[in-house]
1. Which residues does a label at residue 15 reach in the range 22-59, if reach means a backbone N under 12 Å from a point 7 Å past the Cα toward the Cβ?
2. Please give the FRET efficiency for residue 24 paired with residue 133, using the beta carbon to beta carbon distance and R0 = 25 Å, rounded to the nearest 0.05.
3. Kindly express, to the nearest 10 degrees and within the range 0 to 90, the angle between helix 3-14's C-alpha long axis and the longest C-alpha principal axis of the chain.
4. State log₁₀ I(q)/I(0) for the range 75-143 at q = 0.11, 0.19, 0.23 Å⁻¹ as given by the Debye formula over alpha-carbon point scatterers of equal weight, solvent excluded.
5. Could you tell me what percent of the DSSP beta bridges with both partners in the range 75-143 are antiparallel, to the nearest 5?
6. Antiparallel DSSP bridges in the chain: what percent, to the nearest 5?
7. Please work out the ratio of the alpha-carbon Rg of the range 3-62 to 2.2 N^0.38 Å and round it to two decimals.
8. Working from Cα positions, state the angle (0 to 90°, nearest 10) between the long axis of helix 39-49 and the longest principal axis of the chain.
């Protein structure tokens with residue numbers, strides 16, 4: 001791990017000092033900053049929180065949002081839960097994959113909590129609702 005990354009990781013951990021239950025907020029910040037929670041980050045976090053690396057790894061591997069390495073392309077998270085299925089998301093999948101053409105990763109997730117306005121997708125922290133084929137293709141083109 002380079003010095004700049006180590007320093008930034010220490011800053012993230014320190015920003016949560018004194019907080020009750022800091023592990024998840026730290027992991028989210030690390031994921032947002034570096035695009036992943038790698039082994040070096042797990043080791044640093046475990047040491048700072050007086051946890052074992054296995055405990056930190058268990059949390060990281062349990063939640064699908066945490067990645068071991070950064071994505072190679074922008075990521076679009078497409079909701080494929082029951083409500084979005086009922087609103088037609090499955091008919092959009094093939095077109096979305098074709099529009100992505102390997103330039104955008106399409107990740108399946110289950111429920112963004114906006115069931116009444118599905119199909120939904122999330123890019124970063126922004127949620128896009130009421131998607132149809134043209135809107136989804138345009139969103140993917142913006143990302144590519």
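Every read-out reported here was derived from the displayed coordinates using simple, explicitly stated rules and does not represent laboratory data. On a predicted model such as this, the values are computed, not experimentally measured, just so you know. Cβ sites come from the backbone with ideal geometry, for glycine too, and all protein chains shown count toward neighbours.
1. 25-34
2. Numbers: r = 36 Å, r/R0 = 1.43.
The computed FRET efficiency comes out at 0.10.
3. On a 0 to 90 degree scale, this one is about 90.
4. Debye curve over Cα of the range 75-143, log10 I(q)/I(0) at q = 0.11, 0.19, 0.23 Å⁻¹: -0.20, -0.61, -0.92.
5. Working: 6 of 11 bridges.
Antiparallel: roughly 55 percent of the beta bridges in the range 75-143.
6. Details: 6 of 11 bridges.
Approximately 55 percent, going by the DSSP bridge assignments.
7. Numbers: Rg = 10.3 Å, N = 60, 2.2 N^0.38 = 10.4 Å.
Its radius of gyration relative to the 2.2 N^0.38 Å reference: 0.98.
8. On a 0 to 90 degree scale, this one is about 60.
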